[in-house]
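Visitor: I am attaching a structure below and will ask some questions about it afterwards.
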Amino acid sequence: MNVFSCYNDGAVLTKDVVGMSPDTILSSFKAGVKNLAAISLETGYTTKASVPYAITNAFKNLAAIGMEVDYKFKALEDAMSGAGSAGAAPAGGAK
């Protein structure tokens with residue numbers, strides 16, 4: 001038997017949708033969250049998805065100013081030595 005579609009709670013699903021693996025669904029969801037964060041950052045509208053990126057961008061701005069005026073603080077020294085890069089949030093968003 002060849003299945004072309006499936007009916008579930010009023011929705012007709014194609015065989016491509018029914019045959020999706022959990023990994024495919026998860027990767028699609030992650031891409032959507034990244035897009036939401038990028039849109040939120042560009043429009044200035046804060047969402048839960050954009051907060052880690054906003055904090056990372058704020059630190060980058062502070063680090064740039066600190067390096068320019070030769071002002072040292074612990075987080076900047078850790079970042080410059082590479083010690084803080086292991087647990088850092090992703091930088092820049094999904095642009």
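Visitor: Residues of region 8-24 being touching a helix residue (DSSP H, G or I) at 6+ places or on another chain (Cβ under 9 Å) and part of a helix (DSSP H, G or I), which ones? Give the steps one after another, and end with the answer.
Guide: If we filter region 8-24 for residues that are touching a helix residue (DSSP H, G or I) at 6+ places or on another chain (Cβ under 9 Å), which is where we start, we get 8, 20.
Result: no residue meets the conditions.
Visitor: Only one of (1) surrounded by 11 or more Cβ atoms within 10 Å (Cβ to Cβ); (2) at pLDDT 90 or above fails for PHE59. Which number is that?
Guide: It fails just one condition, (2).
Visitor: Next question. Could you check GLY32 against (1) touching a Phe, Trp or Tyr at 6+ places or on another chain (Cβ under 6 Å); (2) loosely packed, with under 13 Cβ neighbours inside 10 Å and say which number it fails?
Guide: (1)
Visitor: Still on this model: Give me the pairs: first residue in region 1-13 and surrounded by 10 or more Cβ atoms within 10 Å (Cβ to Cβ), second residue in a strand (DSSP E or B) and aliphatic (A, V, I, L, M), beta-carbon distance under 6 Å, and six or more apart or on different chains, which are they?
Guide: Matching pairs, first to second residue: SER5/VAL12; CYS6/LEU13.
The values are calculated or read from the model by the stated rules, or taken from the named source; none is laboratory data. This is a predicted model, so every value here is computed, not measured. Cβ sites come from the backbone with ideal geometry, for glycine too, and all protein chains shown count toward neighbours.
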